[in-house]
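Structure, as structure tokens:
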Amino acid sequence: MKTKLAAKSPRTKPATTPGAEKTLLKDQAYTELKELIQTGIYPPNTFLSERQLVEKLQISKTPIRSALEHLEAQGLVAVSPQQGIVVKELSVRDITELFDMRLAMEPFMASQLASRVLSADQNERLAGNLTKQHAAALAGDALAATRLDIEFHMLIASLLDNREMTAWLTRCFDKLYRSVLRINQLSNGRLLKSQQDHAAIVAAINSGEATAAAKAMTEHLRYGRQFLLGG
């Protein structure tokens, strides 16, 4: 006699707790609003309102206020009872100080990597980034080239595996992204020059030439700072 198998009950997804839902909405609001600012949809000196952001993002006020607090701490917006919400512009001093820090840190990182033997996977990641950068530069795709440019510098930090340097660079590029993108949009020649600079840095790292790697990174950053400030 055949026995009847019990019917399987349908799987149900675990319910999201109110606290977790708020966190997800806060992160979503932060990510989307930062993207709007960094890509120039909301350019510097744009005045925003909570109502406007609620309509744009389709997210309630509480997560948006939390996102704005985070963005204000990063220096991307200013929030005050008098002016409301204003997208901030980087000053000459801001750019100079950020590049001073980068010049102190990134040549050291490049030289340290040159002193190591990178794995095949690590070399492939660097080469893959350079290939994509070159394609973006030839296509005149400033947005893709800017993202890949920042990805390259973050990749150097991640390969070195220094958490403090990686965290600082992340904050640095959150601030610099708009300025770099704007300059790249104005000068297509800059895209190819940046990729060639990165290729020279990687060549020195792969050759184990620590001094040459540091020098190539230094020259790249000095040119970038001059280009940003001149632009």
| task | Take the range 137-156 and flag every residue that is over 14 Å from residue 192 (Cα atoms) and over 13 Å from the mean Cα position of the chain (by Cα). | result | 156
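Just give me the residues in the range 93-116 being free of Cβ contacts under 8 Å to residues at least 40 places away in the same chain and either polar (S, T, N, Q) or in a loop (DSSP other than H, G, I, E, B) (or both), in sequence order. Outline the logic, then answer.
Pass one, the range 93-116, residues free of Cβ contacts under 8 Å to residues at least 40 places away in the same chain: 93, 97, 100, 104, 116.
Matches in the range 93-116: 116 only.
Confirm whether residue 169 is modelled with pLDDT of 95 or more, out of contact with any strand residue (DSSP E or B) (no Cβ under 8 Å at 6 or more places or on another chain) and not β-branched (Val, Ile, Thr).
Working: modelled with pLDDT of 95 or more: yes; out of contact with any strand residue (DSSP E or B) (no Cβ under 8 Å at 6 or more places or on another chain): yes; not β-branched (Val, Ile, Thr): yes.
So residue 169 passes the test.
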| note | Of the conditions (1) on the phi > 0 side of the Ramachandran plot; (2) in contact with a Lys or Arg (Cβ under 7 Å, 6 or more places away or on another chain), the single one that residue 84 does not satisfy is (2)
| task | Exactly one condition in (1) in contact with a Gly (Cβ under 6 Å, 6 or more places away or on another chain); (2) not in a helix (DSSP H, G or I) is not met by residue 90; state its number. | result | (1)
| message | Would you confirm, using the coordinates I've provided, whether residue 85 is touching an Asp or Glu at 6+ places or on another chain (Cβ under 8 Å) and either among the acidic types (Asp, Glu) or without any contact (Cβ under 8 Å) to a residue 60 or more places away in the chain (or both)? | response | yes
| Within the bounds of the range 129-142, is there any residue that is basic (Lys, Arg) and either surrounded by 19 or more Cβ atoms within 10 Å (Cβ to Cβ) or farther than 28 Å from residue 36 by Cβ (or both)? | no
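So which residues in the range 40-58 are outside any helix (DSSP H, G or I) and surrounded by 15 or more Cβ atoms within 10 Å (Cβ to Cβ), if there are any at all? Give the derivation first.
So in the range 40-58, the residues outside any helix (DSSP H, G or I) come out as 40-49, 58.
Across the range 40-58, the qualifying residues are 40, 42, 44, 46, 48.
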| field | Any chance residue 183 is within 11 Å of the chain's Cα centre (by Cα) and either of a type outside the set (Val, Ile, Thr) or assigned to a helix (DSSP H, G or I) (or both) | value | no
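Got a number for residues in the range 186-203 being part of a helix (DSSP H, G or I) and under 28 Å from residue 36 (Cα atoms)? Spell out how you get there, then give the answer.
Going through the range 186-203, the residues part of a helix (DSSP H, G or I) turn out to be 186, 188-203.
Then drop every residue that is not under 28 Å from residue 36 (Cα atoms), which leaves 186, 188-195, 198.
Qualifying residue count for the region: 10.
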| query | Mind checking whether some residue in the range 159-170 is outside any loop (DSSP other than H, G, I, E, B), out of contact with any Ser or Thr (no Cβ under 7 Å at 6 or more places or on another chain), aromatic (Phe, Trp, Tyr) and within 20 Å of residue 40 (Cα to Cα)? | reply | no
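Among what's in the range 204-231 and is assigned to a helix (DSSP H, G or I), loosely packed, with under 14 Cβ neighbours inside 10 Å and within 22 Å of the chain's Cα centre (by Cα), pick the residue that is modelled with the highest pLDDT. If you could, list the steps in order and put the result at the bottom.
Within the range 204-231, the subset assigned to a helix (DSSP H, G or I) is 204-206, 210-230.
Cutting the leftovers down to loosely packed, with under 14 Cβ neighbours inside 10 Å gives us 211, 222, 226, 229-230.
After this cut, where a residue has to be within 22 Å of the chain's Cα centre (by Cα) as well, the list is 222, 226, 229.
On the way: 222: 96, 226: 91, 229: 89.
That would be 222.
Pick from 121, 94: which is acidic (Asp, Glu) and exposed (fewer than 12 other Cβ atoms within 10 Å of the Cβ)?
Values: 94 fails: exposed (fewer than 12 other Cβ atoms within 10 Å of the Cβ).
So the residue among 121, 94 that is acidic (Asp, Glu) and exposed (fewer than 12 other Cβ atoms within 10 Å of the Cβ) is 121.
The values are calculated or read from the model by the stated rules, or taken from the named source; none is laboratory data. Everything quoted here is computed from the prediction, not taken from an experiment. Reconstructed Cβ throughout: ideal geometry from the backbone, glycine too, with neighbour counts over all protein chains shown.
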